[in-house]
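S.K.: To start, I am sharing the structure in question, which I have written as structure tokens.
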Amino acid sequence: MQHGQYTKKVLDYFKNPKHAGDVKNASGVGQVGNPVCGDMMKISIAVKDDRISDIRFKTFGCVAAIGSTEALCRIAKGKKLADAKKITSKDIAKELGGLPGIKMHCSVLGADGLKKAIDDYEKKQRGKKTRK
Amino acid sequence: MRTIYLDNGATTKIDPKVLEAMQPYMTEKYGNASSTHHKGQEAKIALEDARSLIAKSINAKPEEIIFTSGGTESNNLAIKGLAFANSRKGKHIITTNIEHDCVLNACKWLETQGFKVTNINVDKEGFIDPAKLEKAITKDTILVSMIHGNNEIGTIQDIKSLGEICRRKGVFFHIDACQSYTKTEIDVRKHNLDLVTINSHKIHGPKGVGALYIRKGINITPLAHGGGHEQNLRSGTENVPSIVGFAKAVRIADKGHARQMVKMRDYLIEKVLKIPETYLNGPSGDKNGDRRLCNNANFRFSYVEGEAIGGYLDAKGICSSTGSACSSRSLEPSHVLMAIGLKPEEAHGSLRLTISRFTTKEEVDYVLSVLPGVIKKLRAISSLGGF
């Protein structure tokens, strides 16, 4: 363990995540990573009036992985989909007050997870429209 | 916040009696052991007393003990020093796939110098099959080097059987005994040992000091050239205060401590394994501390990651360690856990708890009161396992 490498923010988000879990009847779900690599994240979102009204994460991974997904949820909650899509790994790292170099991939995975969840939601929406 | 230190495989605290023994050699008895005046001779006597005591602890002669800066230096001196001094006899070295990095990397470097290295695979508990070793030895083999008590999973090799094979085949046998020294018997005559690495900071002695046993008559090329200290094998003014502390730590250690740690370790293992989907890494069924290090427990918890477990434990004051990739400088999971056949995701979920003779039952009970909740919380957060 190299906790000296983490900011207070990372440790706080890791120890006291407010967004752990699944959104019930999620509008979209995104899963990224692989247990073989030691990180797997699932992001679920609820969308209302084109905004992310709720967002939750489930993460198998290290301190930085859990901290990154919690940070992602805090940034994305309440955002318009168009703005949420623009969230990058840099935004997540910034929210955490920085991440050690070797852990930067955790923030990349987090951002990818949200993009996948939004993609999933938009695909479902398109499906609904074509069925109409 | 109180500290519960269960990372004694990484390092241990100095015994207060060790510190007390060292102090005069920094303040009053500060002489250089090479000096012929009375201050120097005072240090020389302390140095040689320490050497005799450490030699006796492994049934060696004092002149067979060389003091070094620790385990890494001793292992490098043993492997590289022996390889260079004996390269005319052969250029093949045998080691295992569960070695400490300093042995693995010393061997890797020797490969760049024209040596050939064979890594023997261990079984699921981390043991080396003697038949496999015998088969791996060729006419070109000069050295077999292996870790005696494994630092991660605690496996203690049957050095008597393995040493017999080496002696019969006429190859040198080196063990890295940094973790096992004083915890299980090491007898250089009975166990057919040619080179033994030991160190101080794993046994409540100071950091920065270790030793190498070199059986009389074995040729070693020194790594550091200089004033000819330590029989010309390790030049540099002897670190007398630390060597005195090292010897004091050896003097204090006794069999009773190992027995006491076996009991405590088994209590810890029994209780932790009550957590659902939790498994022990390394040997099971060790009664006397001769198959598994008396201070070592290593678990894997399905669906959670080791560094995260360590992070929650640390928040409760508990120091642990993990074989997870996420805690190390690389992103590969521990090579030792992979060597015993774990899948990467299993290796990622591993946690090592290493006790010492100072660990109390009350401390272990505190850990046992915290750990199940930590695993439960992390499993609830985890994307694996469907909790």
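S.K.: Using a 10 Å cut-off on Cβ atoms, rank the peptides B:26-33, B:91-98 from the highest mean neighbour count down.
M.R.: B:91-98, B:26-33
S.K.: To continue, here is another question. What is the fewest-to-most order of B:Arg215, B:Arg379, B:Arg189, B:Arg265 by other Cβ atoms lying within 10 Å of their Cβ? Mind showing how you got there, number by number?
M.R.: Values: B:Arg215 17, B:Arg379 20, B:Arg189 10, B:Arg265 24.
So the ranking, lowest neighbour count to highest, is B:Arg189, B:Arg215, B:Arg379, B:Arg265.
S.K.: Here's a follow-up. Over chain B, what is the mean sequence separation of C-alpha contacts under 8 Å (at least six apart), divided by residue count, expressed as relative contact order in percent?
M.R.: Worked out over chain B, it gives 22 percent.
S.K.: Which FRET efficiency, nearest 0.05, do A:Asp50 and A:Thr7 yield, Cβ-Cβ r, R0 41 Å?
M.R.: Calculated value: 0.80.
S.K.: How many percent of DSSP beta bridges within the range B:16-252 run antiparallel, rounded to 5?
M.R.: Approximately 40 percent, going by the DSSP bridge assignments.
S.K.: Can you tell me the Rg and Dmax of the range B:16-252, counting just the alpha carbons, in angstroms?
M.R.: Gyration radius and largest Cα-Cα distance of the range B:16-252: 17.7, 57 Å.
S.K.: Something else about it: Strictly greater than 17 Å: what percent of every Cα pair in the range B:77-205 meets that?
M.R.: Numbers: 4447 of 8256 pairs.
Of all Cα-Cα distances in the range B:77-205, 54 percent exceed 17 Å.
S.K.: Regarding the protein assembly as shown, what's the average projected area of the Cα-atom convex hull, expressed in nm²?
M.R.: 27.8
S.K.: Let me confirm one metric for peptide A:55-61, namely the mean number of other chain beta-carbon atoms within 10 Å of its residues' beta-carbons.
M.R.: Neighbouring Cβ atoms belonging to other protein chains average 6 per residue here.
S.K.: On to the next question. Work out the length of the dipole vector of the range B:228-321 about its Cα centre, built from +1 on the beta-carbon of each Lys and Arg and -1 on the beta-carbon of each Asp and Glu, and round it to the nearest 20 debye.
M.R.: Magnitude of the dipole: close to 420 debye.
S.K.: Counting pairs of alpha carbon atoms under 8 Å apart in space and at least six apart in sequence, what relative contact order in percent does the range B:255-381 give?
M.R.: Relative CO of the range B:255-381 lands at 30 percent.
S.K.: What is the average number of partner chain Cβ atoms found within 10 Å of a Cβ in A:38-45?
M.R.: Working: counts 16, 6, 6, 2, 3, 1, 0, 0.
Per residue, the average neighbour count from other chains is 4.
S.K.: How high is the relative contact order of the range A:3-125, given as a whole-number percent (alpha carbon pairs under 8 Å, six or more residues apart)?
M.R.: Once normalised by length, the contact order is 31 percent.
S.K.: Let me ask another. Listing B:Lys287, B:Lys361 from the residue with the fewest other Cβ atoms within 10 Å to the one with the most, what is the order?
M.R.: Fewest-to-most ranking of B:Lys287, B:Lys361: B:Lys287, B:Lys361.
S.K.: Let me ask you something else. Quick one: check the C-alpha center-to-center distance for the range B:245-268 versus the range B:329-387, whole angstrom.
M.R.: 24
S.K.: Could you state the angle between the C-alpha long axis of helix B:361-381 and the longest principal axis of the C-alpha atoms of chain B, as a value from 0 to 90 degrees rounded to the nearest 10?
M.R.: The angle comes out near 50 degrees.
S.K.: Give me B:His191, B:His174, B:His38, B:His257 ranked fewest to most by other Cβ atoms within 10 Å of their Cβ, as a rough exposure proxy.
M.R.: B:His38, B:His257, B:His191, B:His174
S.K.: At a temperature of 10 °C and a viscosity of 1.306 mPa s, determine how fast the range B:255-381 diffuses translationally according to Stokes-Einstein, using the Kirkwood radius over alpha-carbon pairs as Rh; express D in µm²/s, rounded to the nearest whole number.
M.R.: The diffusion coefficient I find is 107 µm²/s.
S.K.: Let me confirm one metric for peptide B:375-383, namely the mean number of other chain beta-carbon atoms within 10 Å of its residues' beta-carbons.
M.R.: For peptide B:375-383, the averaged partner shielding equals 6.
S.K.: Please identify, among B:Gly236, B:Gly310, B:Gly282, the residue showing maximal mean-square fluctuation in a Gaussian network model of chain B using a 10 angstrom Cα cutoff.
M.R.: B:Gly236
S.K.: Something else: How many lysine pairs in the range B:217-310, separated by 8 or more positions in sequence or lying on different chains, have Cα atoms less than 16 Å apart?
M.R.: Values: B:Lys255/B:Lys263; B:Lys255/B:Lys287; B:Lys263/B:Lys271; B:Lys263/B:Lys287.
Taking the range B:217-310 as the scope, the lysine pair count is 4.
Each reported figure results from applying straightforward, stated rules to the coordinates on display, with no laboratory input. In this text, all values refer to a predicted model and were calculated from it rather than measured experimentally. In this analysis, Cβ positions are derived from the backbone assuming ideal geometry, glycine residues included, and neighbour counts consider all displayed protein chains.
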